[in-house]
Amino acid sequence: MPDKGTSIDTPQVVTATEEEIKRFKIDPYLLNLMWDEPFYSAILRRVTKIKTYSIPTAGVAAAKGNLTMYWNPEFVAGLPAAHVKGLLKHEAWHIILGHIFDRRKEPHLKWNFATDWSINGHIPEAELPDCGLFPGRPYTPLTEEQQSKMSDQQISDYHTMSDFQAKLPVGKSAEWYFSALNQDQDVSDAMDRQEKGQAGDGDSSEGGGPGMPGEMDSHAGWDELSDEDREVVKGKIKQTLEDAVKEADSKGKGWGSMSSDSRKLIREIISNEIPWQSVLKKFCGLSRRANRATNVKRLNRKYPGIHPGAQKGYTSSIAVYVDQSGSVGDADLALLFGELKSLAKRTEFTIYNFDTEVDEKSERVWGRNKAPGIGRTRCGGTDFSAPTKHANKNSRRFDGYIILTDGEAPDPGPSKVKRGWVITPNRELYFTASKRDFVINMKKEAA
């Protein structure tokens, strides 16, 4: 059982009656999450849920390699249904971003605030309790009653932190927010006083001090993993994310209300160890065919010295269809062509431009000693049916084909020929690709 973590003595925390606490069950909220937010549900289905009074709110942790979510009915029962949903999403994001196996930075309170800021930018404000921390928004104003219980220093620190939070951008990492906290001396001093309980008669626990904002959940237990358990948890979370992404992609509304930026971040997390270049290489490799030829220098297994032996070579011919829309820039083409150059030793690439139809006059072949030009020949809309039909029509000529695009067009349906989607950086496919397709999300190298 985790130790007591965050103190929740924050503005407008709703309390439940004894009867509401007694009757409260979290299962209906988890069931609703499955219908409304399938991706988050897929994450939390793989987590053990434990009711406890040992922490004041809720939290996720890992013990002996097992993922667990703890929740206190005294806190959760007092929340509106929308806030319970937001709380569940918040705990899922701690798992997604790997906070439960990251080593917490010192001082802990600053790191706790930083992780919550990195998470809550992905969740609608209307779905989170007022004790949550929101980048880009000031704290809830103090009431007269709250101010009467606070020292002048506490009130000043509250406003210092409120002004700082209001200026924070949304969508940064926990490391970015942690660095920003340490770089602002006034805010850093205010948080040091809060953590050490030096602001008047404040409580010395995490988030302490009457009326001072704290986190909406406990971060206790994150530093208690052994190195061996830490690696086990990393592997489990990676597998959990990969499974959840596959489930979400296979359903029409599998991502629920999650924004495209959040989906992009999750895809980057699970693809960090497998660069898009490797996926492209794998696609080209799986599309190769064996070419058999006789060679007098090789021995025939059955009739050595009488008949020539056989020699096999592995090559492939792949068509590359380039989307001519303006959002596919020359830099994107250069990024892809740079990778194709290294693969051209064993693969022959035939390049076509397309918009609503394939421009056959733009055909150029890229072999071992030939490099094609990037030149544009079209400027219309985008129709993925055009390259799909063209590749199917030339199925005897090509072993597979790649469509370089920003993904912004309707689903063309399944393909008879092996198909790979190469999606330009910061974009994503507008639909769920067929099961046989490869989806390759390009990522520019950091400057």
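The values are calculated or read from the model by the stated rules, or taken from the named source; none is laboratory data. It should be emphasised that the depicted structure is a prediction, and the values quoted were computed from it without experimental measurement. Every residue, glycine as well, gets a Cβ built from its backbone with ideal geometry; the counts of neighbours run over all protein chains shown.
Structure values in brief
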{"quantity": "Residues of the stretch 390-407 satisfying the condition of being part of a loop (DSSP other than H, G, I, E, B) and surrounded by fewer than 17 Cβ atoms within 10 Å (Cβ to Cβ)", "calculated": "N394, S395, R396, R397"}
{"quantity": "Boolean, V365 is surrounded by fewer than 14 Cβ atoms within 10 Å (Cβ to Cβ), within 23 Å of K416 (Cα to Cα) and modelled with pLDDT of 85 or more", "calculated": "yes"}
{"quantity": "Helices (runs of 4 or more DSSP H) wholly inside the stretch 142-216 containing at least 2 residues that are more than 24 Å from P129 (Cα to Cα), assigned by TED's automatic domain parsing to the domain that holds I55 and at pLDDT 85 or above", "calculated": "152-166, 174-183, 185-196"}
{"quantity": "Subset of the stretch 44-66 that is surrounded by fewer than 21 Cβ atoms within 10 Å (Cβ to Cβ) and of a type in the set (A, V, I, L, M, F, W, C) - its residue that is nearest to the chain's Cα centre (by Cα)", "calculated": "V47"}
{"quantity": "Residues satisfying the stated conditions in the stretch 21-52, i.e. assigned to a helix (DSSP H, G or I), of a type outside the set (A, V, I, L, M) and closer than 15 Å to A92 by Cβ", "calculated": "Y29, N32, D36, P38, F39, Y40, S41"}
{"quantity": "Hits in the stretch 133-164 - residues which are out of contact with any helix residue (DSSP H, G or I) (no Cβ under 8 Å at 6 or more places or on another chain) and buried (at least 19 other Cβ atoms within 10 Å of the Cβ)", "calculated": "Q146, Q154, Y158"}
{"quantity": "Selection from the stretch 419-437 of residues that are in contact (Cβ under 8 Å) with a residue 24 or more places away in the chain and surrounded by 20 or more Cβ atoms within 10 Å (Cβ to Cβ)", "calculated": "R419, G420, V422, T424"}
{"quantity": "Pairs, first over 25 Å from C131 (Cα atoms) in the stretch 56-68, second surrounded by fewer than 23 Cβ atoms within 10 Å (Cβ to Cβ) and modelled with pLDDT of 90 or more, C-beta under 8 Å, six or more apart", "calculated": "N66/T48"}
{"quantity": "Check on V322, part of a strand (DSSP E or B) and out of contact with any His (no Cβ under 9 Å at 6 or more places or on another chain)", "calculated": "yes"}
{"quantity": "Residue within the stretch 220-235 that is on the phi > 0 side of the Ramachandran plot, at pLDDT below 70 and assigned to a loop (DSSP other than H, G, I, E, B) present", "calculated": "yes"}
{"quantity": "Residue satisfying all of: in the stretch 231-248; basic (K, R) and more than 15 Å from A61 (Cβ to Cβ); surrounded by the fewest Cβ atoms within 10 Å (Cβ to Cβ) among these", "calculated": "K246"}
{"quantity": "Residue list for the stretch 57-100, restricted to those being in a loop (DSSP other than H, G, I, E, B) and closer than 25 Å to W255 by Cα", "calculated": "L79, P80, L97, G98, H99, I100"}
